[in-house]
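The values are calculated or read from the model by the stated rules, or taken from the named source; none is laboratory data. Nothing here was measured: the structure is a model prediction, and the numbers come from that model. Note that each Cβ is placed from the backbone with ideal geometry, even for glycine, and that neighbours are counted across all protein chains shown. Just so you know, the surface numbers come from the protein's heavy atoms only, side chains and all, with ligands and any DNA or RNA stripped out. Shrake-Rupley method; radii C 1.70, N 1.55, O 1.52, S 1.80 Å.
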Amino acid sequence: MSAIEKVNILLVDDRRPNLFALESILKSLGQNLVEATSGVEALKYLLRNEVAVILLDVEMPDMDGFQTATLIREREKTKHTPIIFLTAISKSDVHVSQGYSLGGVDYIFKPFAPDVLKSKVAAFVEMFKQRREAQRQSALLQAERDFVAAVLDTVASFVLVLDSEGRMLRVNRSWEGMTGFSLDEVWGKYLWDYLEDKEGARDFLKDREPGKEREDYWLTKRRKPRLVSWCSTVLSDEGGGPEHYVVTGRDITELRQRTEELESFTYSVSHDMRAPVRAIDGFTRILIEEYSGKLDEEGRRLLEIVRMNTERMGQLIDGLLALSRLGREKVTFSEIDMAELALTAFEEQKAAGGNERNISFKLFELPPAYGDKRLLAQVFQNLLSNAIKFTRNEKSAEIEVGSIPVPPEATYFVRDNGVGFDMNHAQKLFGTFQRLHGADEFEGSGIGLATVRRIIDRHGGRVWAEAKPGRGATFYFSLPVRERRRNVPPPG
């Protein structure tokens, strides 16, 4: 309520001099003084207006103060309005008792002390203002809550609000629709009671890692678990009140099913394509080896082109199969010596395609990782293979493997001084079959970096690159530090 907004004070007396005297005493309060010369007039005013306090004369013709007060108290709107009875005649205990029984807050005899009357009225005015302000703030708060509730109920993702112990206080319609449970059914119950991995969910919530996602099967009323990717945020009350958890997530059951179906389809198609491609390659080799004498130079050249493209097609199919298998295989987590993994990968890749070259290899200190050793070895294999390949035109090839501290992750990098690339096309790097250099410049299927991204995604990490044309490239990948198996998102 505005500090300058006036409130109504109702003065009820059948004698004008008495009303004038009251106004003289109370006008310094700066409020709106309303006069009524009868009980009927007072009741009419109260039908349309709200007042902070009523000063009511007891002795009035037609309808005295007690009768007026009785009618005032019968209306819900004025049931609790303060009434101060004023009288110059009846000082008996009976009348005083009657006044208080009708809800009067005071019973003052005339002549009254002006300062006493003024202070009493001022107290009721202040109480009225405070009550009005509290009502206004309550209305604003309720409007804000209604707005937030409306917003939460319109979002496709589900949202839950938990108390500091993990008990559910609010859920939105998306969550109710997914699980079939209403807020009344789950209110006050623990979140993890509705997840298959109760212990893992409870520990994940208590770990308070903002932005970290976890995948779990959530139980439903229809007894059909739904796969959900979710995370939580802790909200602290600046006023010192209790903390709350806000849990958000999305149902990825259908997405996971479609992904698995697509991977299965890709695997099947790729597997079925291998046989005819190998047959073409085999018969082409026979033609080249046994019938080359019967072919002219152009015929032999065309057969070589067929064989070369068949071989490349076989590489693409093998890459697709490897990528498909990656999504279907189980990830086994353990502590890994990343320095040993990187050194072994470099030696294998150099033996496979760079033994005849002078390559400077620097291996800096690497923190250990928690992940699948076989898959992370593949990451180093692919990144180092690229580094060796794209530095082949350098007189002095330089390759570095190191790490940078970026809590709460461990970030590793593979850096080279090769041909690099334009960062404007960096978003293509990790896509399947995406290449930034022509096949006539550098061989490759465009599967290697897509495989790296898939592996790092399955570890809950990130992968990115930085480069400049002609000035080399650096590939980074991050892994959660000292991650426990139950907090690593399920393979996907």
Flagged links, alpha-carbon separation over 20 Å, of 189/221; 206/373; 198/221; 6/118: 206/373
Extended-chain gain in nm, criterion 0.36 nm per residue less alpha-carbon gap, residue 16 and residue 74: 18.1 nm
Lysines whose Cα lies under 18 Å from that of residue 44, excluding same-chain neighbours fewer than 8 positions away: 77, 79
The stretch 56-73 - phi-based ³J(HN,Hα) in whole Hz, Karplus 6.51/-1.76/1.60, Gly and Pro as x: 10, 6, 6, 8, 9, x, 6, 9, 6, x, 5, 5, 5, 4, 4, 5, 4, 6
Inter-probe distance in nm under a simple model that places probes 7 Å from Cα toward Cβ, at residue 363 and residue 189: 5.4 nm
Modelled FRET efficiency - R0 25 Å, residue 332 with residue 209, Cβ distances, 0.05 increments: 0.65
For the stretch 407-414, 3J(HN,Hα) per residue [Karplus equation, 6.51 cos²θ - 1.76 cosθ + 1.60, θ = phi - 60°, Hz, x = Gly/Pro]: x, x, 10, 9, 10, 10, 9, 10
Candidate residues 360, 232: accessible-area rank, largest first, probe 1.4 Å: 360, 232
Gain upon complete extension [residue 250, residue 130; 0.36 nm per residue less C-alpha separation]: 38.7 nm
Nonlocal amide H pairs with residue 397, under 5 Å, H built at 1.01 Å: 360
Under-5 Å amide H pairs with residue 59, H placed in peptide plane, nonlocal only: 65, 88
Accessible surface, 1.4 Å probe, highest first, among residues 364, 265, 421, 112: 265, 364, 112, 421
³J(HN,Hα) computed for each position of the stretch 41-53 - Karplus, 6.51 cos²θ - 1.76 cosθ + 1.60, integer Hz, glycine/proline x: 4, 5, 5, 4, 5, 5, 5, 10, 9, 10, 10, 7, 7
Calculated FRET efficiency for the pair residue 468/residue 235, C-beta based, R₀ 51 Å, to 0.05: 0.75
Residues of the stretch 164-184 with amide N under 16 Å of the 7 Å Cα→Cβ point at residue 226: 171-184
